[in-house]
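Chemist: Have a look at this one before I ask anything.
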Amino acid sequence: MRFPRASGVLLHPTSLPGPHGSGDFGREAYHFVDWLSNAGQRLWQVLPLAGIGPGNSPYMSNSAFAGNALLIDLTELQQQGWLDAADLAPVAGLDDDKVNFAAMYPFRMQRLARAAKRFAAAGTPAQRADFAGFLDEHASWMDDFSLFMSLCEAQDWRDWCEWEPALVRREPAALAAARTAHAERIAFWQFCQWRFYRQWAALKAYANGKGIQVIGDTPIFIAYLSAEVWAHQELFELDKNGRPTVVAGVPPDFFSATGQRWGNPLYRWAAHAKDGYGWWVERVRRAFELFDIVRIDHFRGFAGYWEIPASAPTAQTGRWVPGPGEALFEAVAAALGPLPVIAEDLGVITPDVDALRKKFGFPGMRILQFAFAGDATDRFLPHNHEPDTVVYTGTHDNDTVSGWWTAASDHERHFARGYLATDGHDMPWALIRAAMASVADTAVHPLQDVLALPTEHRMNFPGQESGWWGWRFQWSHVQPWHAARLAELVRLYGRGAAPR
């Protein structure tokens, strides 16, 4: 599906300013939408909005359907009467410049618990009716998710295969007893999802009203410690005790000499096919309830994926295994029609991956930081772009452009200076201009590059398990000329409407 010629900014909501330890769906998010509009941008790209997992990664969520409760705006809960002013007072450890997860997580979770109790005790009839309607609408995943999270807490977050056997096997009597025993906590997790979905819907509607579409992110794999793996064990490569036999990752690459062992359980694709890919159809359907456009992470895994023995410590001993290919996307298209999907086609890309992407009209990705290591034939160079692509200066996995330029090889520096006709003093904006000028229908730039921030502001480093995902900006970093310069490039290169 061809996209209108447009540009946008990549910023995860946790990176927004705000007083409660991390960005969220509150006032600063609306301010950011206004800033995007003033800059002539028509796209806001976010990372997965699901709950975070090991290393605080949003790509290792405990559910394929549930939202991240840590993104809930606490101020809105106060406005509803479920928190008071004292609840919102910041505490020691909350950092304006980065997310201190050790302090932020308990602060937010404690206040969400207070709000859930006050709603349970004194919610209005209209609030209770809306809550009940939400639960009914999302019952296909909510019942399993809320019970799963309650059990995880009760089990001190042990792998679910270590729970009592009746719960591992999901015996009806054991599940019923668990629902009774954990009823209050189940209601808490349901409350959090209600507020997450309602707040996000309001924020997205505001963005859409400003002419801005939201690009979401759907990881191909989900975490082992997730509601869906526990609830649908037959759809994953697990042994009789519920443990993964093989796990996901990628072979040695640009980021790691030993590859990346992600550890996610792999899909039992034959079981998905037998079911007409119903689980995937539902997953994609729900993704498009949250987003206008969906980027599917690690798209090449649908053509072929790297299978690693679960016992292997690194990704080096894996093998390529065929994925579901066309059958999956034909099933999705038959159920949902043509959809605006971006295929993350980075890494080892073989002809079958390109063929799969093109058959369904999914634009691929081009990363300008990767463009200058070779010669004029490099597919990431702007003169080799195709209209049906999305060009980035870098992604959440890349260094900032300033950081990349500092560490670039002599060859890259010489090639980039000549190609971009610059002396290199303002490389972030040289790459932004190149992206905007590209024939690619879509250009996206991380906010770090718009602000020309150094490597210390990087969001993630693939293969490193901790220390990432915490970057935040402050409005003091942003000057009026940033929006004006973006708006001028939009005008010059025909990427959308004038600032609103």
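The values are calculated or read from the model by the stated rules, or taken from the named source; none is laboratory data. Computed from a prediction, not measured in an experiment: that's the story for all the values here. Don't worry about glycine lacking a Cβ; one is built from the backbone with ideal geometry, like all the others, and counts go over all protein chains shown.
Chemist: Residue check: is A66 of a type in the set (A, V, I, L, M, F, W, C) and farther than 13 Å from F107 by Cβ? Reasoning before the result, please.
Modeler: Working: of a type in the set (A, V, I, L, M, F, W, C): yes; farther than 13 Å from F107 by Cβ: yes.
In short, yes.
Chemist: Of the conditions (1) more than 19 Å from L47 (Cβ to Cβ); (2) crowded, with 22+ Cβ neighbours inside 10 Å, R295 satisfies every one except a single condition; which number is it?
Modeler: (1)
Chemist: For segment 30-65, how many residues meet the condition of being assigned to a helix (DSSP H, G or I) and within 24 Å of V390 (Cα to Cα)? Explain how you work it out, then say what you get.
Modeler: Filtering segment 30-65 for residues assigned to a helix (DSSP H, G or I) gives 30-38, 54-56.
When the remaining residues are screened for being within 24 Å of V390 (Cα to Cα), the result is 32-38.
Residues meeting the conditions: 7.
Rundown of residues vs (1) more than 26 Å from F134 (Cα to Cα); (2) polar (S, T, N, Q); (3) surrounded by fewer than 21 Cβ atoms within 10 Å (Cβ to Cβ), yes/no style:
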{"site": "G18", "(1), (2), (3)": "yes, no, no"}
{"site": "D24", "(1), (2), (3)": "no, no, no"}
{"site": "H31", "(1), (2), (3)": "yes, no, yes"}
{"site": "D34", "(1), (2), (3)": "yes, no, yes"}
{"site": "A64", "(1), (2), (3)": "no, no, no"}
{"site": "D73", "(1), (2), (3)": "no, no, no"}
{"site": "Q78", "(1), (2), (3)": "no, yes, yes"}
{"site": "A89", "(1), (2), (3)": "yes, no, yes"}
{"site": "L94", "(1), (2), (3)": "yes, no, yes"}
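Chemist: So which residues in segment 430-464 are of a type in the set (S, T, N, Q) and part of a helix (DSSP H, G or I), if there are any at all?
Modeler: Across segment 430-464, the qualifying residues are Q448, T455.
Yes/no matrix, rows are residues, columns are (1) assigned to a strand (DSSP E or B); (2) crowded, with 18+ Cβ neighbours inside 10 Å; (3) at pLDDT below 95; (4) in contact with a Gly (Cβ under 8 Å, 6 or more places away or on another chain):
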residue: G301; (1), (2), (3), (4): no, yes, no, yes
residue: W306; (1), (2), (3), (4): yes, yes, no, yes
residue: L328; (1), (2), (3), (4): no, yes, no, no
residue: A334; (1), (2), (3), (4): no, no, no, no
residue: P338; (1), (2), (3), (4): no, no, no, yes
residue: D345; (1), (2), (3), (4): no, yes, no, yes
residue: F362; (1), (2), (3), (4): no, yes, no, no
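Chemist: Return the total of residues in segment 78-110 being part of a helix (DSSP H, G or I) and either β-branched (V, I, T) or within 16 Å of G23 (Cβ to Cβ) (or both).
Modeler: In the first step, residues of segment 78-110 are kept if they are part of a helix (DSSP H, G or I); the result is 78-79, 85-88, 101-110.
With either β-branched (V, I, T) or within 16 Å of G23 (Cβ to Cβ) (or both) added as a condition, the list becomes 88, 101, 103-105, 107-108.
Number of matching residues: 7.
Chemist: Same structure again: Select from segment 385-411 the residues that are part of a helix (DSSP H, G or I), farther than 23 Å from H298 by Cβ and not β-branched (V, I, T) and list them in ascending order. Walk me through it before giving the result.
Modeler: Step one: filter segment 385-411 for residues part of a helix (DSSP H, G or I), giving 401-407, 410-411.
Narrowing further to those that are farther than 23 Å from H298 by Cβ: 401-403, 405-407, 410-411.
S402, G403, W405, A407, D410, H411, listed by residue number.
Chemist: A further question follows. Which of the residues spanning segment 1-16 are in a loop (DSSP other than H, G, I, E, B) and crowded, with 21+ Cβ neighbours inside 10 Å?
Modeler: Pass one, segment 1-16, residues in a loop (DSSP other than H, G, I, E, B): 1-5, 11-12, 16.
Matches in segment 1-16: L11, H12, L16.
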